[in-house]
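Everything on this sheet refers to the single structure shown next.
The values are calculated or read from the model by the stated rules, or taken from the named source; none is laboratory data. Just so you know, these numbers come straight off a predicted model, no measurement behind them. We place every Cβ from the backbone using ideal geometry, glycine too, and count neighbours over all the protein chains shown.
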Amino acid sequence: MDSVLSLILFIPLIGAALTLFTKTRESARMIALISSAVPLILTVIIYLQFNSGLAFLKFQFVEKISWISTLGINYHLGVDGVSMPLILLNAILCPLTIIYAWGENKQPNQFFALILVLQAGVFGVFMALDFFLFYIFWELTLIPLYFLISIWGGPNKDYAAIKFFIYTHVASLVMLLGIFALYFSTGVNTFEIPVLLQAFAGITSPEMRVAIFLALFFGFLVKMPTVPFHTWLPDAHVEAPTAGSVLLAGVLLKMGGYGLFRVLLPMIDGLGPYRSDIITLMAVLAVVSILYATFAALAQKDLKKMVAYSSVAHMGYVMLGAAAFNFMSVSGAMFQQFSHGLITAVLFMSVGVIQHSVHTRIISDLGGLADRMPKLAFLMMAGFMASLGLPAMSGFVAEFLVLTGSYLTLPVFALLAMVGIVATAGYHLWAMQRAMFGSYNEKLGEPHDLAFYEMIPMAILVLLIIFFGVYPAPVMDVFEYASTIIPGVM
Amino acid sequence: MSIVDFISQFAPEVILTIAALAIMLIGLGLEAKEKRALGYIAIISLVLGILIIVLRGAYELQLEGIIADSLTIDPMSQFFKLTFLLVSLIVVIASLKEYDNHPNQDEYYTLIMLGTIGMMVVASAVDIVTIFIGFELASISTYALAGFNKKDRSSMEAGIKYFIVGALSSALLLFGLSYLYGLSGGLTNISDIAEFFSANPTIIQSPFGIMALVLIVAGFGFKMALVPFHMWAPDTYQGAPTVISALLAAGSKKMAFVAAFRVLLIAMIAIKVDIAMVFTILAIITMTIGNVVALSQRSLKRMLAYSSVAQAGYISMVFVVMSPEALTGAVLYVMSHAFMKTGAFIAVAALGYMLLRENSSAKDVDHLDNFAGLGKRSPFLAFSIMIFLFALSGIPPTAGFVSKFILFYSVLEGGFVFLVTVAILNSALSLYYYARVVKYMYVLPPSSSERLALPKAYSLAILVALIGVLAIGIVPEPFVNWAASAANVLGL
């Protein structure tokens with residue numbers, strides 16, 4: 001078990017290389033499925049072995065090999081409560097996405113290979129305990145998604161792909177500047193994340209600390225994304241193929257949130273005189289994100305764009321929970337990441353099916369699809385209900401904790417965010433009603449209902465959403481322990 | 001130092017010289033068809049040179065005062081010699097196919113060998129006269145090589161332009177060096193000159209001294225293709241035979257860097273003339289103009305030329321920061337860039353070769369449109385071009401990322417926040433034109449669905465460059481250590 005994390009990390013990469021050289025669609029998807037299922041099994045095994053209670057033994061399954069000793073760079077992997085459930089999320093979503101895309105016809109070997117590379121990149125981000133390694137994986141995730149959008153994307157894919165690539169690359173570079181600044185100002189000759197974070201409070205100039213914090217913050221902000229830096233996301237989603245959208249919203253955005261918990265929250269207490277300003281800034285960004293994206297979603301004509309904006313809004317809750325900086329809100333925000341990953345996958349898969357069978361996603365062109373596609377209607381309804389925060393679904397648990405927690409420390413912002421909840425219910429139900437119910441729009445022809453391979457992943461996701469809504473403890477406990485060890489969290 | 005010692009220390013140069021002469025002589029008696037063997041002689045001598053340098057393990061090596069204090073063997077010289085040898089090796093391997101059956105192969109390989117020797121002399125030289133001689137040996141050989149396709153007008157134009165600008169810059173450099181010689185009372189060794197001027201600062205701060213520095217900066221500026229001395233580079237790189245463009249961009253241009261590291265850094269530190277401002281401006285405009293102009297290029301060779309200008313801008317940040325870390329980054333960057341650029345140019349050459357074989361009257365074979373759908377027509381070629389281009393833009397895990405990482409962090413460490421911000425923005429900007437090529441190769445449909453068969457020679461050359469790019473990216477430790485000990489030589 002010594003190098004189980006490396007195994008989880010590299011099996012998809014090896015699988016990607018194998019997939020790339022397959023000749024037929026059948027072998028490509030089979031190899032891809034196997035190479036993402038093995039990491040899932042391994043992840044479940046280590047999840048069961050993972051001891052969330054050992055807060056003092058922060059990182060588990062640690063691997064550390066010196067890499068560039070001159071600069072203090074190590075190949076250092078490890079997991080703790082912040083990352084473990086997200087690794088599980090990534091491990092769950094990727095095989096499901098591959099099953100969902102079972103019918104992919106266009107260059108299937110490359111398609112599945114890219115999904116596996118993406119999975120490996122995200123695993124790496126969640127496991128890396130060295131900033132150099134972290135940055136490498138962070139950047140590695142850009143390339144497969146760029147190709148997924150630009151080869152398998154919609155009509156305006158060129159623009160969307162390059163916008164996504166450049167926008168997030170610039171953000172990464174700003175983050176890199178922050179990492180450099182952190183490295184020099186602390187004066188420790190290492191890129192180890194925990195060591196640098198501990199040394200952060202020791203930097204003498206408070207302005208420098210704020211500058212470092214903001215540089216890193218910007219990197220994560222764009223990734224999450226937060227209004228006003230969200231503009232790449234709706235474009236990317238609208239043009240991306242469904243599998244790309246599922247992974248983009250399901251796990252890639254979570255990298256931004258993960259950065260918040262892994263890197264930024266432990267720094268907050270070290271900000272000294274600027275602490276409250278920064279918290280206010282985060283809270284304002286969070287509330288603006290929630291409200292702006294919610295109302296933007298309400299105004300969308302394209303179902304997929306609506307779901308994309310709903311992602312921005314839901315990631316706003318993550319930011320709000322982080323900003324409120326107490327035990328309940330932070331663990332709620334972490335859970336929101338996990339839960340939103342599952343929910344948004346269902347939503348994008350539903351939209352993908354609609355696009356695929358009636359060739360339009362414009363809400364006003366749809367109507368009465370539930371008549372002809374009952375299975376889709378059922379699963380999609382479940383996903384929409386989870387997304388708007390229906391009790392007994394995982395989204396409710398997360399948002400309840402975030403809002404209750406935030407009310408303790410940031411009451412005004414929490415109340416403003418609640419306005420968003422109402423509108424959230426509104427756009428979900430309204431879209432559902434116009435697209436799925438009512439009388440069937442005959443112009444749409446004879447749509448086919450869910451294929452078996454599309455139904456399986458969606459059904460599994462819905463079951464997971466309900467399971468974690470009723471019994472969140474397996475993941476929630478881990479997050480709760482994790483949030484107690486962030487310095488300063490009450 | 002006895003002659004035996006000399007030969008053992010300079011074995012790579014000696015082997016190359018023998019090979020150059022042998023190629024020339026043997027070539028006299030061979031038919032054009034048989035001249036392919038000459039290429040193999042060149043390859044063997046280059047591989048031997050590389051092995052000798054690598055096996056000797058140049059980390060700690062330090063030998064000074066060879067031939068009247070004019071040459072030295074130290075980690076810096078060995079690092080650059082290795083770079084030059086590798087570049088030449090890749091170029092020669094690719095040339096096996098490019099100039100197969102060409103009647104003048106003997107001259108061609110001899111010139112490449114001589115050019116490489118010139119570069120290696122510059123890498124070892126610590127004496128202004130020796131530096132100049134090495135420069136001229138490398139330059140004159142490459143002038144001829146740039147115009148080697150004598151029936152091709154653009155190749156002739158490239159050769160002539162390169163020659164005229166090269167002659168001018170050599171004159172400027174020599175003029176500047178002669179001032180140093182005169183002002184210092186007849187010293188030629190760089191460290192002697194530096195010592196003299198630090199003892200007598202008023203002399204170098206006089207108008208003559210400043211003029212000497214300006215002339216030297218301009219002379220090196222031309223060779224390094226810093227803006228505003230860069231005008232020749234795009235025309236030359238575009239017009240020259242593509243494999244030779246690789247040699248020019250990755251070899252002879254980098255030779256100017258090693259000379260500039262030695263002369264300018266040592267001299268400036270001793271002299272304490274603050275020309276950081278001058279180099280800040282030069283670096284910023286160089287990288288910005290290089291990248292911005294590259295954005296609109298449709299010819300791949302021209303785009304690579306401008307990207308080369310931009311990369312020179314990044315490297316020249318070392319003259320601003322002047323710290324051992326920055327020099328480590330810059331030295332490593334030179335080697336990384338050599339692999340990335342050579343690889344990219346050779347790949348473009350390979351595509352050109354294949355297109356011309358299909359249709360011998362094809363024009364502008366390096367035009368972006370020819371890359372459409374290359375991912376389907378030649379998967380290995382497209383994949384390698386993608387890696388080279390992503391490496392040039394600094395995406396991990398490639399050589400480009402590691403060297404940019406070290407270079408940029410050293411600039412920030414030096415406290416030049418503005419400079420590093422500009423560099424980082426430039427780096428992001430460059431991604432646009434690199435990614436565009438990748439888009440053409442993988443997203444756009446091919447003009448014909450026929451597979452292109454990549455000749456083995458090109459595959460091998462590209463593979464060597466690819467291994468270099470990925471090796472530095474994935475196992476950077478030995479390269480970083482070597483670069484760091486090279487940087488220590490200058491005693492910054």
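Structural remarks
- Residues (surrounded by 19 or more Cβ atoms within 10 Å (Cβ to Cβ) and closer than 16 Å to A:Gly272 by Cβ) located in the range A:186-204: A:Thr186, A:Leu197, A:Phe200, A:Ile203
- Filter result for A:Gln119 (among the polar types (S, T, N, Q), within 12 Å of chain B (Cβ to nearest Cβ), assigned to a helix (DSSP H, G or I) and under 30 Å from A:His359 (Cα atoms)): no
- Verdict on B:Val4 being under 22 Å from the mean Cα position of the chain (by Cα) and either part of a helix (DSSP H, G or I) or in contact (Cβ under 8 Å) with a residue 60 or more places away in the chain (or both): no
- Yes/no for A:Met432 being touching a Lys or Arg at 6+ places or on another chain (Cβ under 7 Å) and either assigned to a helix (DSSP H, G or I) or hydroxyl-bearing (Ser, Thr, Tyr) (or both): no
- Exactly one residue among B:Val129, B:Val92, B:Val122 is aliphatic (A, V, I, L, M) and surrounded by fewer than 19 Cβ atoms within 10 Å (Cβ to Cβ), and that residue is B:Val129.
- Residue identified as acidic (Asp, Glu), within 12 Å of another protein chain (Cβ to nearest Cβ) and surrounded by fewer than 24 Cβ atoms within 10 Å (Cβ to Cβ) among A:Glu139, A:Glu63: A:Glu139
- Residue count for the range B:402-452 under the criterion of being over 28 Å from B:Ala283 (Cα atoms) and either modelled with pLDDT of 90 or more or within 12 Å of chain A (Cβ to nearest Cβ) (or both): the result is 7.
- The range A:431-490: number of residues that are closer than 17 Å to A:Lys375 by Cα, surrounded by 14 or more Cβ atoms within 10 Å (Cβ to Cβ) and not aliphatic (A, V, I, L, M): 8
- Count of the range B:314-334 residues which are within 11 Å of B:Thr280 (Cα to Cα) and buried (at least 24 other Cβ atoms within 10 Å of the Cβ): 6
- Unmet requirement for A:Val188, which otherwise passes all of (1) in a loop (DSSP other than H, G, I, E, B); (2) within 9 Å of chain B (Cβ to nearest Cβ): (2)
- Test for A:Pro144: is it modelled with pLDDT of 90 or more and more than 7 Å from chain B (Cβ to nearest Cβ): yes
- Condition check for A:Asn156: more than 11 Å from every other protein chain (Cβ to nearest Cβ), of a type in the set (S, T, N, Q) and out of contact with any helix residue (DSSP H, G or I) (no Cβ under 6 Å at 6 or more places or on another chain): no
- Against the test of being assigned to a helix (DSSP H, G or I) and within 22 Å of the chain's Cα centre (by Cα), the options B:Ile395, B:Ile462, B:Ile424 yield a single qualifying residue, B:Ile462.
- B:Leu46 being modelled with pLDDT of 95 or more, in contact with a helix residue (DSSP H, G or I) (Cβ under 7 Å, 6 or more places away or on another chain) and not polar (S, T, N, Q): yes
- Qualifying residue in the range A:192-201 (condition: part of a loop (DSSP other than H, G, I, E, B) and within 11 Å of another protein chain (Cβ to nearest Cβ)): no
- Scanning the range B:184-208 for residues that are in a helix (DSSP H, G or I) and more than 31 Å from the chain's Cα centre (by Cα) gives B:Phe196, B:Ser198, B:Ala199, B:Pro201, B:Thr202, B:Ile203, B:Pro207, B:Phe208.
- Within the range A:187-211, the only residue that satisfies the criterion of being within 19 Å of A:Tyr135 (Cα to Cα) and hydroxyl-bearing (Ser, Thr, Tyr) is A:Thr190.
Okay, residues lined up against (1) farther than 21 Å from B:Ser70 by Cα; (2) in contact with a Leu (Cβ under 6 Å, 6 or more places away or on another chain); (3) surrounded by 21 or more Cβ atoms within 10 Å (Cβ to Cβ):
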{"site": "B:Ser154", "(1), (2), (3)": "yes, no, no"}
{"site": "B:Ala158", "(1), (2), (3)": "yes, no, yes"}
{"site": "B:Leu168", "(1), (2), (3)": "yes, no, no"}
{"site": "B:Gly176", "(1), (2), (3)": "no, yes, yes"}
{"site": "B:Gly185", "(1), (2), (3)": "no, no, no"}
{"site": "B:Ile193", "(1), (2), (3)": "no, yes, yes"}
{"site": "B:Thr202", "(1), (2), (3)": "yes, no, no"}
{"site": "B:Ser206", "(1), (2), (3)": "yes, no, no"}
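- All of (1) within 24 Å of the chain's Cα centre (by Cα); (2) loosely packed, with under 15 Cβ neighbours inside 10 Å; (3) of a type in the set (A, V, I, L, M, F, W, C); (4) farther than 18 Å from B:Ala138 by Cα hold for B:Ala68 with one exception: (1).
- Of all the listed residues (A:Phe220, A:Phe165), the sole one being over 18 Å from B:Val417 (Cα atoms) and either of a type in the set (Asp, Glu) or within 9 Å of another protein chain (Cβ to nearest Cβ) (or both) is A:Phe165.
- Residue identified as touching a residue at least 60 places away in the same chain (Cβ under 8 Å), surrounded by fewer than 24 Cβ atoms within 10 Å (Cβ to Cβ) and of a type in the set (S, T, N, Q) among A:Ser311, A:Ser357, A:Ser289: A:Ser357
- For first residues located in the range B:140-162 and touching a residue at least 12 places away in the same chain (Cβ under 8 Å), partners that are surrounded by fewer than 20 Cβ atoms within 10 Å (Cβ to Cβ) and among the hydrophobic types (A, V, I, L, M, F, W, C) and lie 6+ apart or on another chain with Cβ distances below 6 Å form the pairs B:Tyr143/B:Phe163; B:Gly147/B:Met156.
- Which listed residue, of A:Ala297, A:Ala308, is over 14 Å from A:Gly395 (Cβ atoms), in a helix (DSSP H, G or I) and over 15 Å from the mean Cα position of the chain (by Cα): A:Ala297
- Sub-6 Å Cβ pairs linking a first residue in the range B:468-486 that is within 13 Å of chain A (Cβ to nearest Cβ) and over 13 Å from B:Ser336 (Cβ atoms) to a second residue that is of a type in the set (Phe, Trp, Tyr) and not in a helix (DSSP H, G or I), at least 6 apart or interchain, are B:Ser485/B:Tyr59, ordered by first then second residue.
- Which numbered condition B:Ile50 fails, given (1) surrounded by 15 or more Cβ atoms within 10 Å (Cβ to Cβ); (2) free of Cβ contacts under 8 Å to residues at least 24 places away in the same chain: (2)
- Check on B:Ser77, among the polar types (S, T, N, Q), part of a helix (DSSP H, G or I), at pLDDT below 95 and under 21 Å from B:Asn481 (Cβ atoms): yes
- Test for A:Val125: is it within 17 Å of A:Phe217 (Cα to Cα), aliphatic (A, V, I, L, M), out of contact with any Leu (no Cβ under 6 Å at 6 or more places or on another chain) and more than 11 Å from every other protein chain (Cβ to nearest Cβ): yes
- Set A:Val251, A:Val238: member being hydrophobic (A, V, I, L, M, F, W, C) and within 12 Å of the chain's Cα centre (by Cα): A:Val251
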